[in-house]
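What follows is a single structure, written as structure tokens, with notes after it.
The values are calculated or read from the model by the stated rules, or taken from the named source; none is laboratory data. All values derive from a computational prediction rather than experimental measurement. A quick note on method: Cβ atoms are made from the backbone with ideal geometry, for glycine too, and the neighbour counts reach across all protein chains shown.
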Amino acid sequence: MVDYTVIGNSPVNYLYIPERLREVENKKYHQEDTFKVLPNTTFYIVSNYLKKNSVVLDVGCSSGYFGKFLIDTLGAKVYGVDIDEKGLSIAKERGYSDVYKIDLDNDIETFGSVLDDVKPDYILCLDVVEHLKTASFFMKKLLRFLKKNDSELIVSIPNIGHIDIIYNLLMGRFNYSLLGILDNTHLRFFTRSSFKEWIKLIAEDVGLELDVCLIGKTEAPFCLNEKERNFNKDISRLQHMAKRVNNDDLFTVQFVFSIKKRV
């Protein structure tokens, strides 16, 4: 079940994490053995999209909870990339064929070598690019790899155009959260169209024609400040405006895209 408290704005701005929450902050990306793939999640969309017995490079794999699911259910051969040495050790124990400790912001050449060695059918970048300082340089490396190979890149990104963000901006709030669209470690923000435009410009420089397809999205309603005066009326107006401009992503939390070389 989606935790609505972390979809968008936090009640307070957790760009700074107080001492009492440091332990929670440090563990927020780790999943225990109770991990499940539930409907209306990125993991559900991706696991239903991948072909069986594929070679998968899981970028930002953490402790390998999703990769283990792919190994067990799809017979995938999974490799992992992350900066967290402890997480990589757990991923290896969970059945990853190999793992690589790489700082994607500072060691992109090593990452390129891993791509060339593994030659994956799928490269998973689930909730990764929004955390990177050098996101464009990272994506350029990936697209250059796609130009030479038949791999498929699967990317998930949060939607900054969610109604929670829009409404709270109108109220003068932009409060970072521990997780969610305004995760306090997010450095990049996208809508559906802005993501595609970003990829298109990089592909032009690489000399690559791509198919960038939306393969799924997760959705959840507005969550914060529902007791504010005129809330229902304001939300109704926003929904009407979104409909007028043909925006059906007002409640979208995350987009999942497939990116591959055009045949």
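Quick one: is LYS86 assigned to a helix (DSSP H, G or I), modelled with pLDDT of 95 or more and over 23 Å from LEU182 (Cα atoms)? Taking the combined requirement at face value, the residue does not satisfy it.
Pairing residues of segment 179-192 that are on the phi > 0 side of the Ramachandran plot with residues that are assigned to a loop (DSSP other than H, G, I, E, B) and at pLDDT below 95, at Cβ distances under 9 Å and at least 6 apart in sequence or on separate chains, gives GLY180/ASP3; GLY180/ILE7; GLY180/GLY8; GLY180/ASN9; GLY180/SER10. Just one of (1) crowded, with 16+ Cβ neighbours inside 10 Å; (2) more than 24 Å from LYS141 (Cβ to Cβ) trips up ARG229, so point out which. Only one criterion in (1) crowded, with 16+ Cβ neighbours inside 10 Å; (2) more than 24 Å from LYS141 (Cβ to Cβ) is unmet by ARG229, namely (1). If a residue must be β-branched (Val, Ile, Thr), within 28 Å of LEU50 (Cα to Cα) and not in a strand (DSSP E or B), how many such residues does segment 235-263 contain? The number of residues fulfilling the criteria is 1. Remark: pairs (first residue in segment 6-21, closer than 11 Å to LEU179 by Cβ; second residue exposed (fewer than 14 other Cβ atoms within 10 Å of the Cβ) and aliphatic (A, V, I, L, M); Cβ separation under 8 Å; 6+ apart in sequence or on different chains) = TYR14/LEU21.
Can you go through ASN184, ASN168, ASN175 and tell me which one is under 15 Å from the mean Cα position of the chain (by Cα) and closer than 25 Å to LYS217 by Cα?
ASN184
Table: residues versus (1) among the aliphatic types (A, V, I, L, M); (2) loosely packed, with under 15 Cβ neighbours inside 10 Å; (3) not in a helix (DSSP H, G or I).
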{"position": "LEU115", "(1), (2), (3)": "yes, no, no"}
{"position": "LEU124", "(1), (2), (3)": "yes, no, yes"}
{"position": "PHE137", "(1), (2), (3)": "no, yes, no"}
{"position": "LYS140", "(1), (2), (3)": "no, no, no"}
{"position": "PHE145", "(1), (2), (3)": "no, no, no"}
{"position": "ASP150", "(1), (2), (3)": "no, yes, yes"}
{"position": "ILE154", "(1), (2), (3)": "yes, no, yes"}
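Selection of segment 95-104 for residues being crowded, with 19+ Cβ neighbours inside 10 Å and touching a Lys or Arg at 6+ places or on another chain (Cβ under 7 Å) yields only VAL99. Of all the residues in segment 22-40, those that are touching a residue at least 60 places away in the same chain (Cβ under 8 Å) and out of contact with any strand residue (DSSP E or B) (no Cβ under 6 Å at 6 or more places or on another chain) number 3. Closer than 24 Å to GLY180 by Cα, over 27 Å from the mean Cα position of the chain (by Cα) and surrounded by 14 or more Cβ atoms within 10 Å (Cβ to Cβ), is that true of ASP234? Yes, satisfied.
Taking the criterion of being assigned to a loop (DSSP other than H, G, I, E, B), at pLDDT 95 or above, surrounded by 14 or more Cβ atoms within 10 Å (Cβ to Cβ) and out of contact with any Phe, Trp or Tyr (no Cβ under 6 Å at 6 or more places or on another chain), would at least one residue in segment 13-28 satisfy it? Checked against the condition, which is being assigned to a loop (DSSP other than H, G, I, E, B), at pLDDT 95 or above, surrounded by 14 or more Cβ atoms within 10 Å (Cβ to Cβ) and out of contact with any Phe, Trp or Tyr (no Cβ under 6 Å at 6 or more places or on another chain), segment 13-28 yields no hits at all.
Can we say THR73 is assigned to a helix (DSSP H, G or I), surrounded by fewer than 20 Cβ atoms within 10 Å (Cβ to Cβ) and in contact with a Ser or Thr (Cβ under 8 Å, 6 or more places away or on another chain)? Criteria met by THR73.
SER54 passes every criterion in (1) more than 18 Å from the chain's Cα centre (by Cα); (2) modelled with pLDDT under 90; (3) among the hydroxyl-bearing types (Ser, Thr, Tyr) apart from (2).
Checked against the criterion of being in contact with a strand residue (DSSP E or B) (Cβ under 8 Å, 6 or more places away or on another chain) and either modelled with pLDDT of 95 or more or in a helix (DSSP H, G or I) (or both), the candidates LEU214, LEU201, LEU187, LEU169 yield just one match: LEU214. Going by the conditions given, is GLY95 over 18 Å from THR41 (Cβ atoms) and in contact with an Asp or Glu (Cβ under 9 Å, 6 or more places away or on another chain)? Answer is yes for this residue. Taken over segment 95-113, the residue count meeting the criterion of being under 24 Å from ASP183 (Cβ atoms) and in a loop (DSSP other than H, G, I, E, B) is 6. Take the conditions (1) free of Cβ contacts under 8 Å to residues at least 40 places away in the same chain; (2) surrounded by 13 or more Cβ atoms within 10 Å (Cβ to Cβ); GLU85 misses just one of them, which is (2).
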